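Here is the structure we will look at.
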Amino acid sequence: MNISIKRVYLPAEDSDGYRVLVDRLWPRGIKKEDARIDLWAKALAPSAELRKWFNHIPERFEAFSEKYKEELKANPEVAPVLDELRQHDKVTLLYGAKDEQHNNAVVLLHLLTV
């Protein structure tokens with residue numbers, strides 16, 4: 001499985017493959033019919049509490065990453081979603097954050113490719 005990440009605000013491309021939104025909240029300003037999202041994987045998103053604590057503050061990213069990984073391990077809804085992703089040759093994890101280096105998709109990409 002080939003996995004990549006991409007901001008959901010960038011245009012969808014055929015090379016994206018199976019497009020998976022990994023945020024709990026729907027991205028502002030995007031119509032669902034225009035997003036070309038194959039799966040909205042809320043189970044892979046950080047909890048509201050963790051997301052609010054992190055608040056996209058780069059200095060908190062390392063601690064956020066560890067807490068987020070713990071949430072994923074403890075969530076029984078994660079395994080079926082990962083099974084679904086494995087059915088596809090190319091998967092693009094979509095996120096809404098402006099910061100392309102400090103977000104949950106970066107953590108997921110690392111987890112899924114290690």
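The values are calculated or read from the model by the stated rules, or taken from the named source; none is laboratory data. Everything numeric here is computed off the predicted structure, so don't read it as measured data. As a convention, Cβ positions derive from the backbone with ideal geometry for all residues, glycine included, and neighbour counts pool all protein chains shown. Surface areas here come from the heavy atoms of the whole protein model, side chains and all, with no ligands, DNA or RNA. Shrake-Rupley method; radii C 1.70, N 1.55, O 1.52, S 1.80 Å.
Structure summary
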read-out	value
Residue in region 26-33 that is part of a helix (DSSP H, G or I) and touching a residue at least 60 places away in the same chain (Cβ under 8 Å) present	no
Those residues of region 16-36 which are open to solvent by less than 80 Å² (accessible area, probe 1.4 Å) and touching a strand residue (DSSP E or B) at 6+ places or on another chain (Cβ under 9 Å), in sequence order	Asp16, Gly17, Tyr18, Arg19, Val20, Leu21, Val22, Asp23, Trp26, Pro27, Ala35
Among residues of region 87-114, those that are open to solvent by less than 30 Å² (accessible area, probe 1.4 Å), part of a helix (DSSP H, G or I) and in contact with a Lys or Arg (Cβ under 9 Å, 6 or more places away or on another chain), counted	3
Any hit, region 37-49, residues being open to solvent by 50 Å² or more (accessible area, probe 1.4 Å) and farther than 19 Å from Lys6 by Cβ	yes
Residue list for region 50-69, restricted to those being open to solvent by 20 Å² or more (accessible area, probe 1.4 Å), under 17 Å from Arg24 (Cα atoms) and either at pLDDT 95 or above or in contact with a Gly (Cβ under 8 Å, 6 or more places away or on another chain) (or both)	Arg51, Lys52, Trp53, Asn55, Lys67, Lys69
Criterion violated by Phe54 - all others in (1) over 16 Å from Tyr9 (Cα atoms); (2) of a type in the set (Phe, Trp, Tyr); (3) out of contact with any helix residue (DSSP H, G or I) (no Cβ under 6 Å at 6 or more places or on another chain) satisfied	(3)
Check on Glu84, without any contact (Cβ under 8 Å) to a residue 40 or more places away in the chain and either open to solvent by less than 20 Å² (accessible area, probe 1.4 Å) or at negative phi (or both)	no
Region 55-81: number of residues that are part of a helix (DSSP H, G or I) and either within 17 Å of Val20 (Cα to Cα) or touching a residue at least 12 places away in the same chain (Cβ under 8 Å) (or both)	13
